[in-house]
Amino acid sequence: MAAAGRGAVTGTRAGESVAAAPTPASPSSAAAVEAAQPPPGALLPPTGVVSDLPGEGNGLALTIDDGTSSEVVAAFAAFAVDSGVRLTLFPNGCYRSWAENAAVLGPLAESGQVAFGNHTWSHPDLTTLGDAEVAEEIRRNKEFLRTTLGVADTPFFRPPFGAHDERTDRIAADLGHPTIAMWNGTLGDSRVLTGAELVGYAREWFIPQTIVVGHANHRTVTTVYGELLELIRERDLRTVTLADVWAPRVSPFRGAVASGRVES
């Protein structure tokens, strides 16, 4: 859940009038968006905070947090399958929604269409916890991502409420998450919205090179997938995961087995 804290964005036009209230649509009825291919030459994940996509382009990073509702997590998974939209998910492992939808999410992660980051196990404000407690929240969720969703590693960490400091950033980096993934756009859905309000946020923040934060908590977003897809098309945006943009280098020799005699 996001709040207007460090690095957070609050929409000023989210309540703007929309021509008509969106008609509820299931993900399966939404027209497909051409699946974006991972851009060549992805950058190394930086150590420190990122809050927008680097450089110029037409990228849009849709990032989805929490997962209090199994129904909404399932709908996001179906949305990705049906439309080809690329997503970055930041689960809290304490919610059973992720395990209940792991069978669908696993193949999406394997294909690279969906990427994952660590959002802590139970969504506390880390700045109020001691070092050991912060580490346990991150470590427990990292293990959950590995065992439940098959995510072997991710450089990305998103602090709950956007609340972090140098100390929590250092602990996250020590545990394998050097990149603090913030945002510069929002769907405004950390609270319950009408469909028109949520589309208003999307109209404000679906712009090039933006990292947009949303949540898999409230059903409203699942009723406006068609409107979101149309907006992406109208603005000629290309959805990307954070891993499409920042990807660790993999050695070309990883997994290779040497054979033959070694001369001394």
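The values are calculated or read from the model by the stated rules, or taken from the named source; none is laboratory data. All values reported here derive from a predicted model rather than from experimental measurement. Counting neighbours? That spans all protein chains shown, and the Cβs are built from the backbone with ideal geometry, glycine included.
Taken over the range 108-125, the criterion of being over 18 Å from Trp183 (Cα atoms) and either crowded, with 16+ Cβ neighbours inside 10 Å or in contact with a strand residue (DSSP E or B) (Cβ under 9 Å, 6 or more places away or on another chain) (or both) is satisfied by Leu108, Ala109, Gln113, Trp121, Pro124.
Looking across Arg219, Arg233, Arg238, one residue alone is in contact with a Pro (Cβ under 9 Å, 6 or more places away or on another chain) and of a type in the set (D, E, K, R). It is Arg238. The residue of the range 154-194 that is nearest to Ala115 (Cα to Cα), among those that are buried (at least 20 other Cβ atoms within 10 Å of the Cβ) and of a type in the set (Gly, Ala, Ser), is Ala181. From the list Glu137, Glu133, which residue is out of contact with any Leu (no Cβ under 6 Å at 6 or more places or on another chain) and surrounded by fewer than 16 Cβ atoms within 10 Å (Cβ to Cβ)? Only one candidate qualifies: Glu133.
Only one of the listed residues (Val104, Val49, Val73, Val81) is crowded, with 21+ Cβ neighbours inside 10 Å, of a type outside the set (Ser, Thr, Tyr) and under 28 Å from Leu237 (Cβ atoms). That residue is Val73.
Look at the range 190-214: where a residue is more than 22 Å from Arg158 (Cβ to Cβ) and a partner is of a type in the set (Gly, Ala, Ser) and modelled with pLDDT of 95 or more, sitting 6+ places away or on another chain with Cβ atoms under 9 Å, you get Glu197/Gly188; Gly200/Gly188. Given the criteria touching a Leu at 6+ places or on another chain (Cβ under 8 Å), outside any loop (DSSP other than H, G, I, E, B) and either among the basic types (Lys, Arg) or buried (at least 20 other Cβ atoms within 10 Å of the Cβ) (or both), does Leu145 qualify? So Leu145 fails the test.
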